[in-house]
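**Student:** Below is the structure I would like to discuss, written out as structure tokens.
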Amino acid sequence: MNNPVRTSLALVTGLLLAGCSTLVPELPEARPGVAADWPIPASSADTQATAADIGWLDFFTDPQLEQLIGQALANNRDLRVALLNVDKARAQYRIERADRLPSVAAAGDLERGRLAPDAGVSEQFSANLGIAEFELDLFGRVRNLSEAALNQYLAREEARRAAQLSLVAEVANAYLTLAGDRRLERLAEETLDNRQQALALTERRHQLGAVSGLDLSQAQTALETARADLARYRGLVAQDLNALTLLVGAPVDPALLPAGDGGEVSGLAPLPAGLPSDVLLRRPDVQQAEYALLAANANIGAARAAFFPSIRLTGSVGTASGELDGLFEGGSGIWRFAPRINLPIFQGGSLRAALGLAEAERDIALADYEKAIQSGFREVADGLALTRTLAERQDALQALVDAARRAEQLSLARYRAGQDSYLVLLDAQRTLYQAEQSLISAELAEQSNRVNLYKALGGGWREAG
């Protein structure tokens, strides 16, 4: 090999091995402005795992719900789009990374020609191995573009995780809503049966002259109210089923639907005492915003490098001969080396505008990162606050239902004995009915809040399933 070729290839190799300078600015410090601890203290229970360390298969205890979530993760179109976006970002990163390495190509040629009418046909054989146009990354432009593409890919991956976590929470909440409305539907059916029996009793007593027509009208009013409630809850159940089917992405097997018997479908372990707010940094949406910030910062380095000269190299080594059998004999070697230097002088302010654009995008990404942390802090704080108040409300409503049921039983006995009017019994029945409805709604809100808190803490970092 001739010395100029050896020198040029050694230069390329040395630059690749030695690395290149970078013009990426120091990443500005994020100031989200959130407290170090939650406004509501966490539980003092002794537990080693936080909600975010629990995979959804471990968090949800209802096997029917687990199957539905599994189907949704396999079929949901929104999650499929998120996965395709990850593939797209991965391919873009591979393209940018490939630009950091020279591309080598081999070629062989045969030229045949006649220079004059009476001249013979001449042949020229050649074979060469060359480096296609390759930029020496002296100021880190190519490397920064590759770094930006890598962080964009990682941001897409975190977006997929966020989409998966949101889908899991949405399916769980849709399942819980369906279960709650089915319980309300069953309660309305039982209330309608009781009101029909009460109306039949009142009609008999009215025929005997024991009660007035007012009592009969009140019994009929109570019956129609229960009938209207039953129709309303049946409509809500149908809508809930449609919503769950859309999330699952396929028709739902009736055997996987909740029975509406009030059983719990999720079980979030108590949070450890002193849980710091920096656990939010592990949320997928916060991670996504962080990678987007890193990508935008790397683009500033690439924009800065555009102000400096760029050197592009092309070269090849090979052999040439007029005879095919002498192609690789001694003395037939050829080489070519063609560096090209591009020095930016005047480009109408486009380079400065590109740098300003990159800096503005970095500042936007920083603001988005801080906003993601603030939003996550509020979601977790709200969930912790509701955890305590919903539990207290549920206990109070359970006590109310027990008291209202005793009052309804006593009112029914007194009415049958002729000691009270039907209005007293009707009032007791309405109180019990409303208390039971409120208890079901409170239990649904409590379980839904557990799911939302699991999502807010970025659940599923250590997905066992």
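The values are calculated or read from the model by the stated rules, or taken from the named source; none is laboratory data. Since we're looking at a predicted model, the values are computed, not measured. Quick reminder, even Gly has a Cβ in these numbers, built from the backbone with ideal geometry, and neighbours come from all protein chains shown.
**Student:** Out of region 190-224, which residues are loosely packed, with under 15 Cβ neighbours inside 10 Å and within 27 Å of residue 445 (Cβ to Cβ)?
**Tutor:** 190, the sole residue that qualifies.
**Student:** List the number of the failed condition for residue 373; all other conditions in (1) buried (at least 21 other Cβ atoms within 10 Å of the Cβ); (2) over 44 Å from the mean Cα position of the chain (by Cα); (3) in contact (Cβ under 8 Å) with a residue 40 or more places away in the chain hold.
**Tutor:** Single failed check for residue 373: (2).
**Student:** Can you spot a residue in region 196-219 that is in a helix (DSSP H, G or I), at pLDDT 90 or above and within 44 Å of the chain's Cα centre (by Cα)?
**Tutor:** No, every residue in region 196-219 fails to be in a helix (DSSP H, G or I), at pLDDT 90 or above and within 44 Å of the chain's Cα centre (by Cα).
**Student:** Oh, and also: Kindly establish whether residue 404 is touching a Phe, Trp or Tyr at 6+ places or on another chain (Cβ under 9 Å) and of a type outside the set (Val, Ile, Thr).
**Tutor:** yes
To keep it simple, each residue is scored yes or no on (1) without any contact (Cβ under 8 Å) to a residue 24 or more places away in the chain; (2) assigned to a helix (DSSP H, G or I); (3) on the phi > 0 side of the Ramachandran plot.
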residue: 402; (1), (2), (3): yes, yes, no
residue: 407; (1), (2), (3): no, yes, no
residue: 411; (1), (2), (3): yes, yes, no
residue: 420; (1), (2), (3): yes, no, no
residue: 424; (1), (2), (3): yes, yes, no
residue: 427; (1), (2), (3): yes, yes, no
residue: 432; (1), (2), (3): no, yes, no
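**Student:** Could I ask something else about it? What about residue 227, is it closer than 20 Å to residue 432 by Cβ, surrounded by fewer than 16 Cβ atoms within 10 Å (Cβ to Cβ), at pLDDT below 95 and of a type in the set (Lys, Arg)?
**Tutor:** yes
**Student:** Which residue pairs have Cβ atoms closer than 6 Å, lie 6 or more positions apart in sequence or on different chains, and pair a first residue in region 182-201 that is within 16 Å of residue 415 (Cβ to Cβ) with a second residue that is modelled with pLDDT under 90?
**Tutor:** 195/222; 198/219; 199/219
**Student:** Among the residues of region 230-282, count how many are modelled with pLDDT of 90 or more and on the phi > 0 side of the Ramachandran plot.
**Tutor:** Final tally of qualifying residues: 0.
Okay, residues lined up against (1) assigned by TED's automatic domain parsing to the domain that holds residue 298; (2) surrounded by 13 or more Cβ atoms within 10 Å (Cβ to Cβ); (3) modelled with pLDDT under 85:
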residue: 383; (1), (2), (3): yes, yes, yes
residue: 390; (1), (2), (3): yes, yes, no
residue: 397; (1), (2), (3): yes, yes, no
residue: 406; (1), (2), (3): yes, no, no
residue: 411; (1), (2), (3): yes, yes, no
residue: 414; (1), (2), (3): yes, yes, no
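**Student:** Ok, one more. For residue 226, work out the one condition from (1) without any contact (Cβ under 8 Å) to a residue 24 or more places away in the chain; (2) part of a helix (DSSP H, G or I); (3) small (Gly, Ala, Ser) it doesn't fulfil.
**Tutor:** The number of the failed condition is (1).
**Student:** Inspect all residues belonging to region 222-240 and state whether any of them is under 26 Å from the mean Cα position of the chain (by Cα) and of a type outside the set (Gly, Ala, Ser). Spell out the reasoning first.
**Tutor:** The initial filter retains those residues of region 222-240 that are under 26 Å from the mean Cα position of the chain (by Cα), namely 239-240.
After this cut, where a residue has to be of a type outside the set (Gly, Ala, Ser) as well, the list is 239-240.
Looking through region 222-240, at least one residue is under 26 Å from the mean Cα position of the chain (by Cα) and of a type outside the set (Gly, Ala, Ser).
**Student:** Still on this model: Residue 156: in contact with a Pro (Cβ under 8 Å, 6 or more places away or on another chain), assigned by TED's automatic domain parsing to the domain that holds residue 289, surrounded by 20 or more Cβ atoms within 10 Å (Cβ to Cβ) and at pLDDT 80 or above, yes or no?
**Tutor:** On the way: in contact with a Pro (Cβ under 8 Å, 6 or more places away or on another chain): no; assigned by TED's automatic domain parsing to the domain that holds residue 289: yes; surrounded by 20 or more Cβ atoms within 10 Å (Cβ to Cβ): yes; at pLDDT 80 or above: yes.
So residue 156 does not fit the description; no.
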